[in-house]
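Novice: Before I ask anything, let me first share the structure, which is written out below as structure tokens.
Since every read-out is calculated from the coordinates, none of them should be taken as a lab result. None of the values given here were measured: they were computed from a predicted structure. Here the Cβ is made from the backbone with ideal geometry for all residues, glycine too, and neighbour counts use every protein chain on show.
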Amino acid sequence: MSTQFHAKTVLITGASRGIGKQLAQDFAREGARCLLVARDTAALEENRGQLPNPDQHVCYPCDVARKEDVEEMARKVRAEHGPPDILVNNAGVSRYKLFLDTPIEEHEALMQVNYWGMLYCTYAFLPAMLDRNSGHIVNLSSVSGKLGTIRHTAYCASKFAVAGFSDSLYFELLGTGVRVMVVNPGVVETHLFDHESFSDFPDDVRKMMKPAHLLTRAILKGIRKGKYEVTFPRGLWAGVVVRALWPPLYRMLQARFLKIPRTRPGASV
């Protein structure tokens, strides 16, 4: 066990389920105090009770999509613990729908949670980190924040926003003592895929799903090493490289993988 996280304060959004829940377990095993943030109070308390030394961890029910909720949560955290040593912006939602089948309200909701929730929390804690000359901000993006994927227009747009924000913030924070890291998971076994829109999610992609604990292990390793970017599994980075160096080849290979005909019946040429 590393001592790097011992006695550190780690705030994790989306901490009631999935990746956030697993991250809390991992950090707690390393001796960190976890501040658990999510909307579901009962699920947060259940997660806290399963952590090592549960009394040292604290739950903060909060909807990160609501700026007022985040500001109130942050005031309590700063008053009770000071700014966290590590902020993990993990809260996220997804849908698997064609663009025209996705109501505009769902596009707005995904952007509100996935992007604005991350922004609200960063605004809430970054100034105090800068005053202290130390801190670590971890933003959960996605491989879908690097590569456009079918039936993910709303999700991709929100995660591309997270990736672009993180890229820019990285340069702003150089030399300040505060680090930023962006995480690009592929398909990971989480509650995101429980939504009814994923009922016809391809079986061959489901078979590629990785357990959350492998991703969180890579995240903690990335923080220890001071990495800017973690892509999991690492093999997905090949698609990012192909997309960057030869976009037409990437689009052709992706269309083949998805079994999309280049010309559809009734389509204009």
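Novice: Using the C-alpha gyration tensor of segment 160-269, what are the square roots of 5 times its eigenvalues, in whole angstrom, with the largest one first? Please report the intermediate quantities before stating the final value.
Specialist: Numbers: eigenvalues 195, 82, 34 Å².
Square roots of five times the eigenvalues give 31, 20, 13 Å.
Novice: While we're here: Quick check of the Kirkwood formula: for the chain, what is the inverse mean of 1/r over all pairs of different Cα atoms, in Å? Please list the in-between numbers first.
Specialist: Values: mean 1/r = 0.0518 Å⁻¹.
Every distinct Cα pair counted, the radius reaches 19.3 Å.
Novice: If you don't mind, there's one more thing I want to ask. If you put +1 on each Lys and Arg Cβ and -1 on each Asp and Glu Cβ, how big is the dipole of segment 90-167 around its Cα centre, in Debye rounded to 20? List each step's numbers first, then the result.
Specialist: On the way: 6 positive and 6 negative charges, 49 e Å.
Taking the Cα centre of segment 90-167 as origin, the dipole is about 240 debye.
Novice: If you don't mind, there's one more thing I want to ask. Under 5 Å between amide H atoms, partner at least 5 residues away or on a different chain: which partners does Gly186 have, H built in plane at 1.01 Å?
Specialist: Val143, Phe232
Novice: Another question, if that's okay. Rank the residues Thr41, Thr149 as a footprinting-exposure proxy: fewest other Cβ atoms within 10 Å of their Cβ go first. Present the calculation step by step, with values, prior to reporting the outcome.
Specialist: Values: Thr41 13, Thr149 17.
Going from sparsest to densest Cβ surroundings: Thr41, Thr149.
Novice: Under a cut-off of 17 Å between alpha-carbon atoms, report the lysines in cross-link reach of Lys146, not counting same-chain residues fewer than 8 places apart.
Specialist: Those lysines meeting the cut-off are Lys159.
Novice: Hey, what's the per residue convex hull volume over the C-alpha atoms of segment 91-233, in cubic angstrom? Each step should come with its number before you reach the end.
Specialist: Details: hull volume 14.9 nm³, N = 143.
Dividing the Cα hull volume of segment 91-233 by its residues yields 104 Å³.
Novice: For every other residue with a beta carbon closer than 13 angstrom to the beta carbon of Val162, add +1 if it is Lys or Arg and -1 if Asp or Glu, then tell me the sum. Mind dumping the intermediate values first?
Specialist: Working: positive: Lys146, Lys159; negative: Asp167, Glu229.
Local charge sum for Val162: 0.
Novice: Could I ask something else about it? Order by neighbour count: His213, His152, fewest other Cβ atoms within 10 Å first, most last. Intermediate values should be presented prior to the final figure.
Specialist: Numbers: His213 15, His152 22.
In order of increasing Cβ crowding within 10 Å: His213, His152.
Novice: Determine the calculated [θ] at 222 nm for the chain from helices alone, applying -39500 (n - 2.57) to every DSSP H run no shorter than 4 residues and normalising by the residue count; nearest 500 deg cm²/dmol. Could you put the intermediate results ahead of the total?
Specialist: On the way: 10 runs with 119 residues, N = 269.
Value at 222 nm, helices only: -13500 deg cm²/dmol.
Novice: Relative to the longest principal axis of the chain, what angle (0 to 90°, nearest 10) does the C-alpha long axis of helix 153-173 take?
Specialist: Computed tilt is about 50 degrees.
Novice: What do you get for Rg/Rh of segment 143-193 when both radii come from the Cα atoms and Rh is the Kirkwood radius? Intermediate results must be reported in sequence, preceding the final value.
Specialist: Values: Rg = 13.2 Å, Rh = 12.3 Å.
Checking Rg against Rh, the ratio lands at 1.07.
Novice: Compute the semi-axes of the equivalent ellipsoid of segment 24-131, taking the square root of 5 times each eigenvalue of the Cα gyration tensor, and list them largest first in whole Å.
Specialist: Working: eigenvalues 148, 63, 27 Å².
Semi-axes from the Cα gyration tensor: 27, 18, 12 Å.
Novice: Moving on to the next point. If you filter segment 194-237 for chymotrypsin sites (Phe, Trp or Tyr not before Pro), then keep DSSP loop positions with at most 13 other Cβ within 10 Å, what is left?
Specialist: Details: sites: Phe198, Tyr228, Trp237; in loops: Tyr228.
Those satisfying the criteria are Tyr228.
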